[in-house]
Amino acid sequence: MMRPLLFLTICLASVTIHAQEVSNSYSLMFYNVENLFDNRHDSLKNDSEFLKGGYKNWSTHRMFQKLNGISKVILASNGWHPPSVIGLCEIENSFVLNQLIYHTGLNNAGYRYIHYESPDKRGIDVALLYKKSEFEVLESSPIHTSDTINHFYTRDALYVKGIVKKADTIHIVVNHWPSKRGGALASEEKRIKVAAHVSAKLNAVQQLNQSSKIVVMGDLNAEYDAPSIQQLLKANELSSVLNPKHIKQSKLAGSHKYQGHWALIDHIFVSKHWKNHTSMSHRLVELPFLLEDDMAYSGVKPRRTYAGPRYIGGVSDHLPVILTIETGP
């Protein structure tokens, strides 16, 4: 039997080694948290289904169950060291973000957030969480992607510039592109328009510094080979760290499953020149409690919060994606 003191010494050594390993890296995560609404009516938003007595019979209890689930995902997503930066989409407002970082298990993790209201008719926005001890915000602003002349309203993207782990100055854009409602081909034009707005912002960044380290993350509602994504990548010299062919060969061949089909629609892209000179790794966050058996199509699927009006109690219908970047020896 191993002596207690020896066992403790080994454990402490293991933790020390692990801490040394993670100190030379940082992680960025993106997560579509599927309709993170409060339960208060906002007259400027179409939020009636997420009210008490509404279509989905939303409640304070259900909201906090979801918030606690999201915090559990964040804390368990990257071993001993939660991500330095987290992009989120489908959040209603600053109220739910405050509840998330101050009234769940994240309370002691030191996260703060950046959020701007956008003109999406349902009232869902993107946001950025960041660990205050690991990320210094230098600048932030919304990227307006709606076309008010043609009455096209969608989520703004979010631009943030900051210094992470006192090592890299990075430019982050968090996205939630238009859905495939109306058909993938018919809606692709909308995503192409949004991609053009994002590219315009990135072009302005690159004009100031061609070597800028750029991260584009988000639910783009399209797979890697879609015209909208290829336009974004080519226009801004961006690249995927993850090989799309590899993800299609895995058990979970994507971040979202619809009618039995897995699709990788949640992406993290980085500047090509940065990727070519830095060690990076990209993966899905496959925590067991995020999945359930797919009784209709076999295999597993994300355990979502609702299926239509039926409350299931899961965290989200998407899986998070995470990128780890080495900062040096």
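Every read-out reported here was derived from the displayed coordinates using simple, explicitly stated rules and does not represent laboratory data. These numbers come from a predicted model, not from an experiment. All Cβ positions, even for glycine, are placed from backbone atoms using ideal geometry, and neighbour counts span all protein chains on display.
So how much slack lies between ASP225 and GLU189, counting 0.36 nm per residue of separation and subtracting their Cα-Cα distance, in nm? Can you show the working numbers first?
Numbers: separation 36, 0.36 × 36 = 12.96 nm, distance 1.47 nm.
Once the chain is fully extended between ASP225 and GLU189, it gains 11.5 nm.
Distance between the modelled labels on SER59 and ARG283, one decimal in nanometres: 3.8 nm (7 Å Cα→Cβ projection).
Taking R0 as 30 Å, what's the FRET efficiency between TYR297 and SER239 from their Cβ-Cβ distance, rounded to 0.05? Before the final figure, lay out the partial values.
Working: r = 32 Å, r/R0 = 1.07.
Plugging the Cβ-Cβ distance into 1/(1 + (r/R0)^6) gives 0.40.
Across the range 176-218, the residues whose backbone nitrogen lies under 20 Å from the label position 7 Å along the beta-carbon direction of HIS144 are 176-178, 190-205.
What is the local net charge at ASN108, summed over the other residues whose Cβ is closer than 13 Å to its Cβ (Lys, Arg +1; Asp, Glu -1)?
Numbers: positive: LYS131, LYS132; negative: none.
Every neighbour counted, the sum reads +2.
Just name one of MET217, HIS256, LEU36: the one whose Cα is farthest towards the positive end of the charge dipole of the chain (beta-carbon charges, Lys/Arg +1, Asp/Glu -1). The residue sitting farthest along the positive end of the dipole is HIS256. Label-to-label distance for LYS272 and GLN207 is 2.1 nm, based on points extended 7 Å past Cα in the beta-carbon direction.
Remark: relative contact order (the range 68-135) = 38 percent; criterion is Cα-Cα distance under 8 angstrom and separation of 6 or more residues.
Charges at C-beta only: +1 for Lys and Arg, -1 for Asp and Glu. How large is the resulting dipole of the chain about its Cα centre, in Debye rounded to 20? Write out the running numbers ahead of the final one.
On the way: 36 positive and 30 negative charges, 71 e Å.
For the chain, the charge dipole is close to 340 debye.
Among ALA109, ALA204, ALA235, the largest mean-square fluctuation in a Gaussian network model of the chain (Cα springs under 10 Å) belongs to ALA204. Shown here: Cα extents along the principal axes in Å, derived from the displayed model; of the candidates (i) 88, 52, 37; (ii) 62, 39, 39; (iii) 69, 50, 38, it corresponds to (iii). Scanning the chain for long hydrophobic helices, with DSSP H runs required to stretch 18 angstrom or more by C-alpha along their axis and to average at least 0.5 on the Kyte-Doolittle scale, returns 4-23.
Rounded to whole Å, give me the distance from the Cα center of the range 38-116 to that of the range 296-323. Between the Cα centre of the range 38-116 and that of the range 296-323, the gap is 16 Å.
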